[in-house]
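Worksheet: one structure, shown below.
The values are calculated or read from the model by the stated rules, or taken from the named source; none is laboratory data. The model shown is predicted, which means the values in this text are computed figures rather than measured ones. As a convention, Cβ positions derive from the backbone with ideal geometry for all residues, glycine included, and neighbour counts pool all protein chains shown. Side chains are part of the model used for accessible areas, which takes the heavy atoms of the whole protein and leaves out ligands, DNA and RNA. Shrake-Rupley method; radii C 1.70, N 1.55, O 1.52, S 1.80 Å.
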Amino acid sequence: TLFMISAAIAGLGGAVFGGMRHGVSEGDFEFASAGLPILLLAVIGGISTVSGAFFGGVFFAVIGILIAKFPDYSWFFNLMPATIG
């Protein structure tokens, strides 16, 4: 029942989003893919503390800077949060 309700909510959200935009593409969901690394970094730092959220945000920003400076190694920097987790 829980999975059925969550799938219905996700389907409704997708339908509303598609209706508002008159169509969607993969570029519309780029920020959504950033959620898991941020969550992993916050859990590593300590999810119940302010410092954990701060650590997650700072580390995520550092990864973005490293990807901009070294684009050849972007695959490594994208895997870094999962490897640490």
Residues (under 16 Å from the mean Cα position of the chain (by Cα) and either part of a helix (DSSP H, G or I) or modelled with pLDDT of 75 or more (or both)) located in the range 75-85 = Trp75, Phe77, Asn78, Leu79, Met80, Pro81, Ala82, Thr83, Ile84
Exclusive hit being out of contact with any helix residue (DSSP H, G or I) (no Cβ under 6 Å at 6 or more places or on another chain), modelled with pLDDT under 75 and of a type outside the set (Phe, Trp, Tyr), set Ser6, Ser33 = Ser33
Top-ranked residue of the range 47-60 - restricted to ones that are β-branched (Val, Ile, Thr) and open to solvent by less than 70 Å² (accessible area, probe 1.4 Å), ranked as nearest to the chain's Cα centre (by Cα) = Val58
Only one of (1) modelled with pLDDT under 75; (2) surrounded by 12 or more Cβ atoms within 10 Å (Cβ to Cβ); (3) of a type in the set (A, V, I, L, M) fails for Ile63. Which number is that?
-> (1)
